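Below is one structure, written out as structure tokens; the observations come after it.
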Amino acid sequence: MSALDLRKLAGQTAVVTGAASGIGAAVARRAAALRMRVVLVDRDREPLHRTASDLTGTGAVVHPVVCDVRDAAAVDRLADTVCREFGFVRLFVGNAGVESTGRLWELPPDRFDQVLGVNVAGVFHGIRAFVPRLLESATPDREAIVVTVASIGSVTTMPAQAAYVASKHAALALTECLALELAQERKPVRVAAFLPGPVHTGIYDSAAADGAAGTELRDRMRGFLAERGVTAEAAAEALFTGIAAGDFWIFTDRDRAAELLRTRAERLVDAARSRADTGSGDTSSTQERRSGLVG
Ligand SMILES: NC(=O)c1ccc[n+]([C@@H]2O[C@H](COP(=O)([O-])OP(=O)(O)OC[C@H]3O[C@@H](n4cnc5c(N)ncnc54)[C@H](O)[C@@H]3O)[C@@H](O)[C@H]2O)c1
């Protein structure tokens with residue numbers, strides 16, 4: 001993607017889902033600081049209106065919309081209304097997300113559906129509803145930008161968090177496929193995937209925890225985010241810096257991301273090579289691969 005002078009976003013419209021709190025609220029504040037008109041979308045009315053009125057108090061132009069991103073028809077209505085009222089959407093950030101902890105065999109089926117519903121289908125509905133409209137209205141000197149908030153969990157794995165991790169792998173995969181599809185179209189709509197590391201938000205306060213392992217991990221992660229997470233403001237800053245630079249993959253902690261990616265890639269390459277070298281699938285190499293995964 002090409003670089004962008006963020007000052008050129010002034011006066012244009014941003015849509016941010018999951019904007020009532022955490023990273024989404026910080027992205028909305030950063031967009032408003034760039035003098036963008038911001039459509040704040042969230043399923044939770046009260047915190048949404050609180051965040052919107054805080055922003056209005058700073059002189060920002062904001063429009064809160066209650067919408068559950070799992071609801072395809074509601075996201076279509078959102079896209080219709082926003083495009084009818086404001087015309088061109090310059091920036092769409094699919095940020096709404098939920099956490100869930102618990103071993104896979106201890107998750108109730110509706111938990112799995114809920115996490116995948118928000119974190120994957122929610123991202124899909126945003127893309128499905130907004131991208132055709134962006135394709136119609138974007139021009140080479142006024143590119144539209146679509147961002148998915150994935151996670152560093154999109155490129156790694158972790159026990160007792162499988163539903164969330166799987167959803168974030170899927171969200172990243174959807175976004176990479178979207179980038180390839182748009183490149184084929186040669187239209188001025190660009191895509192970015194945001195992969196934050198730990199950010200100090202309340203995501204684990206509202207997370208469902210199933211089973212003892214789920215409860216233990218949720219409580220530990222709450223403390224971890226408080227101690228080691230960057231602020232939501234710093235995360236939003238990293239996102240806009242990445243957008244300005246024209247990055248596709250945007251991180252909050254590049255060094256940690258590079259380490260995780262290198263480890264994963266090396267283990268996969270080693271596993272592929274060792275199978276190619278020996279041509280066998282004996283128990284000892286299976287054990288090695290297994291220990292490579294968790295080590
Ligand atoms: N906090 C982190 O450490 C971290 C790290 C990596 C990625 N992320 C991702 O960042 C995004 C924002 O998370 P956060 O940490 O700010 O959490 P958060 O809980 O503060 O914010 C999430 C927001 O999404 C909203 N939301 C949830 N389900 C929704 C739905 N169905 N429809 C509309 N809105 C919905 C919530 O009401 C909330 O306002 C998520 O996608 C999360 O997975 C967070």
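Where a number appears in this text, it was derived from the coordinates with a stated rule and is not lab data. Because the structure is predicted, anything quoted here is derived from the model rather than measured. Note: ideal-geometry Cβ built from the backbone for every residue, glycine included; neighbour counts use all protein chains shown.
Values as computed for the structure displayed
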{"item": "Of all DSSP beta bridges in the chain, antiparallel share, percent nearest 5", "result": "5"}
{"item": "Degrees separating the helix 162-185 axis from the principal Cα axis of the chain, which is the longest one", "result": "60"}
{"item": "Ranked list, fewest to most other Cβ atoms within 10 Å of each Cβ, for 168, 187", "result": "187, 168"}
{"item": "Degrees separating the helix 211-228 axis from the principal Cα axis of the chain, which is the longest one", "result": "60"}
{"item": "Relative contact order (%) - segment 118-180, alpha-carbon pairs under 8 angstrom, separation at least six", "result": "39"}
